[in-house]
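Data block below; observations after.
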Amino acid sequence: MHALLDWPLYEEIFSEADMRAVFSQGATIGRWLEVETAISAAQAELGIIPREAAAAIAAAAGEGPFDDARLAAEMILAGRPIIGLCRQLKERVGPEHEDWVHWGVTTQDVMDSATVLQLREGLGVIEGGLAALLARLSDLAQEHCDTPIIGRTNGQHAQPLSLGLKLSVWVEELTRRRGALQDAAARGLLLQFGGAVGSLAAYGTLGPALRDEVGKRLGLPVPRVHWQNARDGIAEVLTALGLLCASLEKIAHEVNRLASTDIAEVHEGHRPGRGASSAMTHKRNQRASEFAEAVARLGRMRAGAAPELMGHEHERSGGVWVAEWVTVPEVFLYASGALRWARSLFAGFAVDRKAMVRNLMVTRGLAFSETATLSLAAKLGRTEARRLVEKACDSVRANGHTLEEALLSDPAVTARVSAEEIAGLFELSRHLGPS
């Protein structure tokens, strides 16, 4: 991972503490040891290695920290961290059992299965954060089911709708992202255990039974064949996280725009010093939406590398695989950070109803043009109704009165439509939509 992500100054900006714990060096080594221990126990269960050796390996793995400096030096030499780890494990178990450490096992099986354990734990962190965000957004959508806001399309005022409907769209979008993560996990969180080329040749006829036993001990589903050179499962999980980040990025950007001085319909809430400017005392910058967007963008961009990680040649391709070591943790870290900022954003989410009403009237009723056209069409015909409403809209722009006033001043309209009916066209309640 990039060293900047570990700076105390920045670590809370780009990731969440629970996710940093999942992918810390100590936790990662711990997962490697968990897999080594599970394999040894499974081998003992099937009579492949002595039970005493499996017990000694488990005890050695749990004795405490390993020598990180030695691990780093041997990693540079061998190019894989498990070789140095197993050397220290052998020293701990002693001559009596050292030959049984990592018996018939390949490094990638250990690291891949350990990564899957981290993915499972990391997705649990994401699920918790996403569930909390969805609950808050759902509450806000219900609270604002009757709060009118101008809808905007292509940067222009379009029609009114309810803020609750706008928020409900985000709830549904994030719910789909949640489902996609669950689907990806079902296909991607699988045991990897196949030996040197995936054939389990080191274990003869006991290979399939051993694979099943290892999976049971680690609590991981066992695929029919290995996936050491088929990285679609990992890529799918990363892609699902990337799409979640894309949704969070879009939502945060939207909130930031709605909080701008020119719109000012919502804001994040304020406390002294939050979002302060070093130069302009009056400013209250929207920091939660800013960082939610920025960190989510980083997560989306890093997840974009997922298809590149699938390009393994033959039965193993280290040049591709090594890239996962950095990419996987970074995507999870950024996704957790984006979610944390999004929760912070909506925890203090505040609505300025007066600003929303003011903005609804900026175009002096032009936002109701479609409703007016369709309602008049029932009495005047569609072509004539459209002509009269377009004429009224031009009058609004030219003379500064409202669309309602323009329609009331046109005898061609009032001859067929009453003043009460025209006033009804501008009732906000008919425009809010479901939420």
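The values are calculated or read from the model by the stated rules, or taken from the named source; none is laboratory data. Small disclaimer: the values here were computed from a predicted structure and weren't measured. Here Cβ is always computed from backbone atoms with ideal geometry, including for glycine, and neighbour counts include all displayed protein chains.
List of remarks:
- Residue within region 155-169 that is over 30 Å from Leu403 (Cβ atoms), at pLDDT 95 or above and buried (at least 20 other Cβ atoms within 10 Å of the Cβ) present: no
- The number of residues in region 49-58 that are surrounded by fewer than 22 Cβ atoms within 10 Å (Cβ to Cβ) and either more than 38 Å from the chain's Cα centre (by Cα) or of a type in the set (S, T, N, Q) (or both) comes to 6.
- Any hit, region 102-113, residues being among the hydrophobic types (A, V, I, L, M, F, W, C) and in contact with a Phe, Trp or Tyr (Cβ under 8 Å, 6 or more places away or on another chain): yes
- Within the set Ala73, Ala141, the sole residue that is modelled with pLDDT of 95 or more and either touching a Pro at 6+ places or on another chain (Cβ under 6 Å) or within 24 Å of Ser344 (Cα to Cα) (or both) turns out to be Ala141.
- Qualifying positions in region 194-222 - touching a residue at least 12 places away in the same chain (Cβ under 8 Å) and among the hydroxyl-bearing types (Ser, Thr, Tyr): Tyr203
- When Leu85, Leu77, Leu117, Leu137 are checked against the criterion of being over 21 Å from Ala296 (Cα atoms), assigned to a helix (DSSP H, G or I) and out of contact with any Gly (no Cβ under 9 Å at 6 or more places or on another chain), a single residue qualifies: Leu85.
- Here is the figure for region 17-67: residues that are assigned to a loop (DSSP other than H, G, I, E, B) and either farther than 27 Å from Pro329 by Cβ or touching a Lys or Arg at 6+ places or on another chain (Cβ under 7 Å) (or both) total 6.
- Tabulated pairs, region 66-86, first over 16 Å from Thr28 (Cα atoms), second in a helix (DSSP H, G or I), C-beta under 6 angstrom, 6+ apart or interchain: Glu74/Gly84
- Only one of the listed residues (Asp183, Asp67) is acidic (Asp, Glu), at pLDDT below 95 and farther than 30 Å from Leu360 by Cβ. That residue is Asp67.
- Of residues in region 348-360 being more than 31 Å from the chain's Cα centre (by Cα) and in contact (Cβ under 8 Å) with a residue 40 or more places away in the chain, the one farthest from Leu425 (Cα to Cα): Ala355
- In summary, His102 fulfils each of the numbered conditions (1) in contact (Cβ under 8 Å) with a residue 24 or more places away in the chain; (2) in a helix (DSSP H, G or I) with the single exception of condition (2).
- Verdict on Ala184 being touching an Asp or Glu at 6+ places or on another chain (Cβ under 6 Å) and in a helix (DSSP H, G or I): yes
- Qualifying residue in region 101-108 (condition: on the phi < 0 side of the Ramachandran plot, surrounded by fewer than 22 Cβ atoms within 10 Å (Cβ to Cβ) and either among the charged types (D, E, K, R) or in contact with a strand residue (DSSP E or B) (Cβ under 9 Å, 6 or more places away or on another chain) (or both)): no
- Any hit, region 92-106, residues being within 25 Å of Leu244 (Cβ to Cβ) and among the basic types (Lys, Arg): no
Conditions tested, residue by residue: (1) surrounded by 14 or more Cβ atoms within 10 Å (Cβ to Cβ); (2) over 19 Å from Ile126 (Cα atoms); (3) in contact with a Gly (Cβ under 9 Å, 6 or more places away or on another chain).
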position: Ser15; (1), (2), (3): yes, no, yes
position: Thr28; (1), (2), (3): yes, no, no
position: Val35; (1), (2), (3): yes, yes, no
position: Glu45; (1), (2), (3): yes, yes, no
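- Ile234 meets all of the listed conditions (1) of a type in the set (Val, Ile, Thr); (2) in contact with a Ser or Thr (Cβ under 9 Å, 6 or more places away or on another chain); (3) in a loop (DSSP other than H, G, I, E, B) but one, namely (3).
- Within region 240-264, the set of residues being buried (at least 22 other Cβ atoms within 10 Å of the Cβ) and among the β-branched types (Val, Ile, Thr) comprises Ile251, Val255.
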